[in-house]
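I have placed the structure first, in the form of structure tokens, so that the comments after it can refer back to it.
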Amino acid sequence: MLCCFYGLFSPRTWQHAQVLIVGAILCPGKRTVSAVLRVMGLSRERSFGKYHRVLSRAVWSSRKVSRRLLVHLIGTFVPSGILVMGIDDTVERRKG
């Protein structure tokens, strides 16, 4: 599944992005970079800043990643037929 995202990141960023993606899937509770590294067994990683940089400075497009994920999910779960989607475009936070 992850290999479909490979071309959206530079090779160097991709190495760190894979750790963050898998860790976020496995991480119980809050999904912070520190929690992700902990669940991946990298809590003692000295250069943990490189994982933060994937989210703050690395060049990649979250829209392209989202589109690739959507196309992959549709191809997997709805290979043929009609797809009906409900979308909430609310921009303000709501409670309750």
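What follows is calculated from the coordinates using simple rules that are stated; it is not laboratory data. Just so it is clear, the structure is predicted and the values come from calculations on it, not from any experiment. Here Cβ is always computed from backbone atoms with ideal geometry, including for glycine, and neighbour counts include all displayed protein chains.
Summary table below
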quantity: Hits in the range 63-79 (condition: loosely packed, with under 10 Cβ neighbours inside 10 Å and within 14 Å of the chain's Cα centre (by Cα)); calculated: 63
quantity: Residue match in the range 80-96 (condition: surrounded by 10 or more Cβ atoms within 10 Å (Cβ to Cβ) and not acidic (Asp, Glu)); calculated: no
quantity: Close pairs from the range 35-48: first under 8 Å from residue 19 (Cβ atoms) and without any contact (Cβ under 8 Å) to a residue 40 or more places away in the chain, partner in a helix (DSSP H, G or I) and of a type in the set (Val, Ile, Thr), Cβ under 6 Å, at least 6 apart; calculated: 40/19
quantity: Qualifying positions in the range 53-83 - more than 22 Å from residue 15 (Cβ to Cβ) and either touching a residue at least 60 places away in the same chain (Cβ under 8 Å) or small (Gly, Ala, Ser) (or both); calculated: 75, 80, 81
quantity: Any hit, the range 46-62, residues being under 13 Å from the mean Cα position of the chain (by Cα), of a type in the set (A, V, I, L, M, F, W, C) and surrounded by 15 or more Cβ atoms within 10 Å (Cβ to Cβ); calculated: yes
quantity: Pairs, first at negative phi and touching a residue at least 24 places away in the same chain (Cβ under 8 Å) in the range 1-27, second of a type in the set (D, E, K, R) and part of a helix (DSSP H, G or I), C-beta under 7 Å, six or more apart; calculated: 4/68; 5/68; 8/64; 8/68; 16/50
